[in-house]
Structure formats: structure tokens, C-alpha cells
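First comes the structure, then the notes that go with it.
The values are calculated or read from the model by the stated rules, or taken from the named source; none is laboratory data. For clarity, every value in this text was computed on a predicted model and none was experimentally measured. Here the Cβ is made from the backbone with ideal geometry for all residues, glycine too, and neighbour counts use every protein chain on show.
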Amino acid sequence: MRHLTTILSASLVLLVARGSASGESAGDFRVGFGKASITPKITETFTDSNNNFLFNGDMNDPNGGPEKFVDANGNGRFDAIFIAGRGEPRPANSVRDPLWARAVVFDRGATRVGIVVLDLIGLMNHDCDRLRQKLPAALGIDCLVVACTHTHDGPDTIGLWGPRGVSGADPAYIEFVCEQGARAVADAVAQLAPARLTVAEAPVADLHQDDRQPRITDDLCQVIRAVSNDGKRTLGSVVVWSAHPETMSGKNNSLSPDFCAATIAKLERDWGGTCVYINSSLGTQQQPTQGLLKDADGRDLPRDSAERAARIGWLLAERAEKILAGSGEELVSPDVRFATREFFVEPKNERLAHSMIVGLVRRAIYDTDGKPTADLAGPIQVKTRMTLLRVGPIDFLTVPGELNPELEIGLPAGFDPNQGPTHSENYVVLKPLNTILPGKYKIVIGLGEDELGYIVPECDFRMTYYEPHMSMSPAMERIVIEQTEHLVADLAGR
């Protein structure tokens, strides 16, 4: 296949809504939380005879090959739910923890914005648009951000984790996800109530690591708690951290949000309300710690275990509670504003481009004029989006993939690029996003509005290691910087 270049289309669609005016009374600021299940019903399972968690049988014969499957509907085909993220094909045999769409809505004056987070590996831009299209106009949502936790124990919604040469994504399930995501937002709108926010942030380094060299970690935990104006009731909370939810390393056939489930469960138990977990700059291989970890009774927890995932999630929730108790800043009637931009990217990664062209990855394709096309002989583009929500001093910035942490926070002091054999001696970051965002609290929403794969420094885009193989283009760093600058300028001009 010819090499594809990457460009930022000159044809931009800018959508900026009004923001709330300052000086309104505290009662004008409201917050609501909602949720809806996106757990699929598992009807067909298999026997894992060799204990490798992958299906090694015949997809079109229940009794063919070394492993059998249950043909519940009698059509002779294995209608499995394929789990995304670790090896393929890995069918789901059970549900360890329910999967959810969780939403928070901020309302101030004439502006109402929301964030809905799905327990999925990612959702393509056109599917995010479908979810938004299902919102009734009566909900009054001016801007909705759609993001994913990036769990590696959820259904394939991209297409890369089915049997060889076959998409693992089920369109019917994705339609269900879009419907339930809209339902969660509607629930949040129904729960809108006058509220005050408390926000805080601090590192949680002991639970965090980077498996990729050079080792740069973003271990900042950011916490928001919404309480009724009388202080008697917690409406909900938001916790932000950067780590791949793959504690079990694919060594299971159960659906789960991974450690996020335990984090949410503890915060909802201790504080009340609904908790929304946001994954941030989880690129490279930002992971929960793989070091020694003990349970509450002091016993060592094995790696790749459900118990370990639950313990990490529980400990993260403990840290979040301490962070908020120790340094929380109260926000009374913050302004609510937003800016959002659609734009086109032309892929350079031949593997991903080919996957889109042959339909393995479910993706709408456009020509260089930004029109939908079935002509695959010429250059192709994909459409994506970035959004900036501002709630008082909090900036929520979406990034359409898995951002390397240094692209958000910059290189650490005394950084040595020569930590590994595959990386450049001239390892630089063009402009960290935290230097562009003006908010006191800068929250990057990873896998926001899209999943374009890893977003790595342009200087380090080389096909000698994993992340660029799962990245759209070396120009993504520049594109994300440019779009962030545009979004900040859009809000400054209002």
C-alpha cells in the first residue's frame, strides 16, 4: 500500500455555544448525575480446553475443531461477544462486574453541558455522534462529551479483536450502547439540582507505573464532589486518573470495568450519589502498579487477578477521599462554557488505514473534500472532534485517543531520553497541553469523542515499538496542540 500523509483539513466545522454570564445567583448552578447499564446479554459461550482464554475452534461449527461453543440460536455460527484489548478472539463467558454508561450534567443559566463515560475500550467518532443524536431536544443539552474508560474487559466496539479477518464489533450492541448512553444523560438531567462543587488534585504514585520507556508517568488524581447547596446530600462525584484498566492482562473471559468498578463502588458507598470515572493521559503504557500489593488483611495478592483489580480500585478511592478532605476548594456557582471543533485527519499508519478500508475497523471514510466516499483508490480522511468544557476554574479537554502523558504535562526535570534502545536522543515535546489550558484545574479526558489510538511525540513516531503501530499518525501531536489552541481562543473570544 502507498504511504499516506497526514494533514489537518483546512475545512473546519466550529461549533461554539453561549456561555453562562458571571454574577448570577448560586441557585442558578445545578448538577445532575445519571447512569444506565450497557452490560450485554451473553447467550453463547465456549469451552476453553487449553486454558489460553482464546477461542481455538471453528466459528461455523459448534462441534468442530479442538474447542466447542454453545449454539444457543441454532444458526451454526458462534455469535460471541468478543472482548477487546488483549488477544483475539477472546469471547466473553460471564460478567464479573456490570458495565455502565455514567453521566454528569452541569447547568448554569442558559448553558447546559454533559459528559457521559462508557465502560468500553473506545467508541468511534461517528458512534459518539449517533449517541448525541439520540438525545431528545427537550433535554436542552448544548454540548455532550462522550468518552470511555478504556477497559480491556469490555466488548469490542472498534473491530480489531474478532477472529482473524473478521470484525469483532457488533453493530446491534453499539446501537444499544448509544441508546443507553442517551438514557444515562436523560437520567442526569432529571436529577439536576442546585449544587456546590469541591475540587482537589494530588499525585497517587504508589498505585501507578509506566511500562514503556522512557518512563514518564502522569499519576495525578483529580477529584470533584457535588453536594446539595444545603450540604446534606452528595449528588455525585468525578474521579480522574491515568491508567489502562487491564489488571488481569487478558487472562479471563469475564466482562468488567476492571479496577474502575471498585473505585466507583467505594466512593458511591462512602459519599453517596453516582460516581463518574474519567481516564486521562493513559498513553504509552500507563498502568496500575504491578508491584507487590497486599489485601486488607496483609496477604499478598497475585498478579493478573480479579482480587488485585478490586484492591487497586479500592485504594484509589481511598486516596481520592483523602485528597478531597485535605485540600478541597469549594466552587460556588461557577460559570459553564464550552467550545467544540470537528476536523479531518488523513491517516499515515498503513495497518490502521487498511483495517478501515476493508471494513475491519468500523469507521466512516471521507475524501479530501470532506465528503463521504467509497472510492478507496485515492487519499482518505477520517472525521474527529475535540471539545473544551469550562466549569469555573476547571478545564475539561477531550483528546481523541490515548495521549502520552508528556504531551499533557511536559518532560520531567532532568529527563534522560536514553532509557531504552528504541527512542530518540532528541526526545522533545512541542508544547505540553497544560501550558495552553488556562484553567487552574486541567483535566484531559482521554478517548474523548473518538479512539484514534496512541498519540505519541512526533519525534518518537517509529515503527520499532508497539504504540505507533496503534497510532493514526505522527502529526497527531501537532494536530492536538493546534486544536487545543483554537478551542482556548474560541472561549477567550466569548
- Would segment 120-129 turn up any residue that is surrounded by fewer than 21 Cβ atoms within 10 Å (Cβ to Cβ), over 17 Å from Gln180 (Cβ atoms) and not aliphatic (A, V, I, L, M)? yes
- Task: Considering each residue of segment 217-246, count those that are over 16 Å from Lys266 (Cβ atoms), in contact with a helix residue (DSSP H, G or I) (Cβ under 7 Å, 6 or more places away or on another chain) and crowded, with 23+ Cβ neighbours inside 10 Å, and give that number.
- Result: 2
- Selection count where residues are of a type in the set (Phe, Trp, Tyr) and surrounded by fewer than 20 Cβ atoms within 10 Å (Cβ to Cβ), scope segment 318-365: 0
- Complete set of residues in segment 130-163 that are of a type outside the set (Val, Ile, Thr) and either within 20 Å of Asn93 (Cβ to Cβ) or in contact with a Pro (Cβ under 8 Å, 6 or more places away or on another chain) (or both): His150, His152, Asp153, Gly154, Pro155, Asp156, Trp161, Gly162, Pro163
- Go through (1) assigned to a strand (DSSP E or B); (2) at pLDDT below 90 and name the single condition Glu330 misses. (2)
- Can you confirm whether segment 60-68 contains a residue that is closer than 16 Å to Phe176 by Cβ, buried (at least 19 other Cβ atoms within 10 Å of the Cβ) and at pLDDT 95 or above? no
- Message: Please verify whether Pro98 is exposed (fewer than 15 other Cβ atoms within 10 Å of the Cβ) and either under 29 Å from the mean Cα position of the chain (by Cα) or over 21 Å from Arg164 (Cα atoms) (or both), treating the condition exactly as stated.
- Response: yes
- Message: Condition (residue is out of contact with any Phe, Trp or Tyr (no Cβ under 6 Å at 6 or more places or on another chain), closer than 22 Å to Cys260 by Cβ and part of a loop (DSSP other than H, G, I, E, B)) applied to segment 308-323: is it met by at least one residue?
- Response: no
- Query: Within segment 122-133, can one find any residue that is under 22 Å from Ile42 (Cβ atoms), under 12 Å from the mean Cα position of the chain (by Cα) and assigned to a loop (DSSP other than H, G, I, E, B)?
  - Reply: yes
- For segment 254-268, the count of residues that are in a loop (DSSP other than H, G, I, E, B) and of a type in the set (Phe, Trp, Tyr) equals 0
- Message: Looking at the structure I just gave you, is Asp187 farther than 15 Å from Ile81 by Cβ, of a type outside the set (Gly, Ala, Ser) and without any contact (Cβ under 8 Å) to a residue 24 or more places away in the chain?
- Response: no
- For His423, work out the one condition from (1) modelled with pLDDT of 85 or more; (2) more than 27 Å from Ala84 (Cα to Cα); (3) outside any strand (DSSP E or B) it doesn't fulfil. (1)
- Note on the structure: Taking segment 57-105 and keeping residues among the polar types (S, T, N, Q), part of a loop (DSSP other than H, G, I, E, B) and in contact (Cβ under 8 Å) with a residue 40 or more places away in the chain leaves Asn93
- Unmet requirement for Ser254, which otherwise passes all of (1) modelled with pLDDT of 95 or more; (2) buried (at least 22 other Cβ atoms within 10 Å of the Cβ); (3) among the hydroxyl-bearing types (Ser, Thr, Tyr): (2)
- Please name all residue pairs, on different chains or six or more residues apart, with Cβ atoms under 6 Å, provided the first residue is in segment 334-350 and is assigned to a strand (DSSP E or B) and the second residue is at pLDDT below 95 and polar (S, T, N, Q). Val336/Ser20; Phe343/Ser9; Phe344/Ser9; Phe344/Gln381
- Message: For segment 290-307, give me each residue that is out of contact with any Asp or Glu (no Cβ under 7 Å at 6 or more places or on another chain) and either assigned to a strand (DSSP E or B) or touching a residue at least 60 places away in the same chain (Cβ under 8 Å) (or both).
- Response: Gln290, Gly291, Asp300, Ala306
- Six or more apart or on different chains, Cβ under 8 Å: which pairs go from a residue in segment 217-231 that's in contact (Cβ under 8 Å) with a residue 12 or more places away in the chain to one that's outside any strand (DSSP E or B) and aromatic (Phe, Trp, Tyr)? Could you list them? Arg225/Trp271
- Query: What number of residues in segment 167-205 are at pLDDT 95 or above, closer than 30 Å to Asp218 by Cα, among the aliphatic types (A, V, I, L, M) and surrounded by fewer than 19 Cβ atoms within 10 Å (Cβ to Cβ)?
  - Reply: 1
- Query: Among the residues of segment 438-494, which ones are of a type in the set (A, V, I, L, M, F, W, C), more than 18 Å from the chain's Cα centre (by Cα) and not in a loop (DSSP other than H, G, I, E, B)?
  - Reply: Cys459, Ile479, Ile481, Leu487, Val488, Ala489, Leu491, Ala492
- Considering residues that are of a type in the set (A, V, I, L, M), touching a helix residue (DSSP H, G or I) at 6+ places or on another chain (Cβ under 8 Å), under 20 Å from Val223 (Cα atoms) and assigned to a strand (DSSP E or B), the number found within segment 380-402 is 2
- For residues that are touching a residue at least 12 places away in the same chain (Cβ under 8 Å) and assigned to a helix (DSSP H, G or I), scanning just segment 269-284, find the one that is surrounded by the most Cβ atoms within 10 Å (Cβ to Cβ). Trp271
- Message: I'd like the residue in segment 428-439 that is farther than 19 Å from Asp219 by Cβ and either without any contact (Cβ under 8 Å) to a residue 40 or more places away in the chain or not aliphatic (A, V, I, L, M) (or both) and, out of all such residues, is surrounded by the most Cβ atoms within 10 Å (Cβ to Cβ).
- Response: Gly439
- Item | segment 34-60: number of residues that are in contact with an Asp or Glu (Cβ under 9 Å, 6 or more places away or on another chain) and over 17 Å from Pro155 (Cβ atoms) | 9
